[in-house]
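What follows is calculated from the coordinates using simple rules that are stated; it is not laboratory data. The structure displayed is predicted, hence computed values, not measured ones. Because the Cβ atoms are built from the backbone with ideal geometry, glycine has one as well, and the counts that use them run over all protein chains shown.
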Amino acid sequence: MNFNFFYLFSGYSISLGANWIYRIALPLYILKQTNSAISMSITFAITFLPYLIFTPFGGAIADAFDKRKILIIGDLLTFIFSLAITSYIFFDINNLYLFFILVFLISSIPPIYHPALQSFIPNIVKTEKLASANALISSSDNIVNAMGPILCGLLITIIDLEKLIMISCIIYLAAFILVLCIKTNKINTINNNFSIKQTFLNISEGFKYTIQSRVIFGCSILFLFINFSVNLIMSNLIYILKSNFNATSLEIGISFSIMGVMGALGAYIAKIIIGKIYYGKTILISAFLMSVIFISISLINTKLLIVFSLLWGSIMLFNSIIVVNFFTMRQRIIPILYLGRVIATTRLISFTSIPFASILGGYLIQKNFSFQNLAIISAVFLITSSLLGFKSPIYNKENILPSE
């Protein structure tokens, strides 16, 4: 690998660490300030709203403009917005609406940044090295997702929550400096004639092709229900760990790490079974097994955090199996000409339920619903959607190609 990839990889990896600080620290900060489950769930929902708004435009922007400049501007804006959040906390402004705006702004960068990052790698890495480069990026994801929560929880026990958020701001600055060091003379644009009209036309074509591909469209609807079921609880997970299990910050970090490791295990299992079992069957069986685990969570009558962590980790395991199978199926059956637009469309459909589920989960907890009751709701949604899926085009391999 060359220095350009080293700068890109290093900046990306440390940004992941800063993201984990935000993922753990911001909900704890909101809980400390408001002691409100609904405020935490709204914060979680706001982090996903930009994906619904900007995801369809991310690929078009990456194709139309210099990818290196997109990465530089993206990292610079991330630093500026994180500095604003740090200032908000440092000066104890205590205006929840302003806080939500700042969270929305910093969450608006990834939907545009990530397509540019993925499509920029071939510009700085030789073709024969692409697999190794992607493997390094994937390994960074898995390592940080496994270790990030533990380190974050450990740091919270050593230093103040507010100071930890300030450290994340410095990390984002370092990521910006690293990306700024990348030098390349290659052309980083594909289409210089970017237009809003053409972008909306591309979005329309993406929806049309997705609907024609009955398996892909069916999976997108299934994921709509899966994301609803998971995020009904996931958005309030830190609140549940604190209030129901009296978990410390370190224990929360360890709990998240268990979930991350089991999620990585699910991805590994998926690689083994792909090709041996048809994608649709694997997806539907995994979704049904997730509903069984939700029923198990609803029957929990223990304060042992490890039991809950392992059960929720099992949810993450089967979720990873579903995701890897769907991503692989989508890459193999969708023509490259449509792939970017279909990815944006399916992501848009499947993410739509997340903000709604997050806010509903927080509202129900605020109304004294137990997490066991939420798990029952999740189980009902998953059982219904997976059983219907067995009767849908998803289950039949013959439906894998788009209809005319």
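Net charge within 14 Å of ILE240 by Cβ-Cβ distance, Lys/Arg positive one each and Asp/Glu negative one each, not counting ILE240 itself? Net charge in that neighbourhood comes out at +1. What net charge do the residues around GLU205 carry, taking every other residue with its C-beta under 14 Å from that of GLU205, with Lys and Arg at +1 and Asp and Glu at -1? Once all neighbours under 14 Å are counted, the net charge is +3. For the pair VAL380 and LEU201 in one chain, pulling the backbone fully straight at 0.36 nm per residue adds 60.7 nm over the alpha carbon distance. Find how many whole Å separate the alpha carbon centroid of the range 157-179 from the alpha carbon centroid of the range 79-112. Each part's Cα centre sits 14 Å from the other's. Once you sort the root eigenvalues of the Cα gyration tensor of the chain as a ≥ b ≥ c, which label holds: rounded (a/c under 1.5), prolate (a/b larger than b/c) or oblate (the other case)? Oblate shape, in that a/c is at least 1.5 and b/c is the bigger or equal ratio.
Straight-line reach from LYS69: taking Cα to Cα under 26 Å and skipping same-chain neighbours fewer than 8 places apart, the lysines in range are LYS126, LYS129, LYS183, LYS186, LYS197. Rounded to the nearest Å, what's the spacing between the alpha carbon centres of the range 267-290 and the range 11-57? Just the number, please. The distance from the Cα centre of the range 267-290 to that of the range 11-57 comes to 30 Å.
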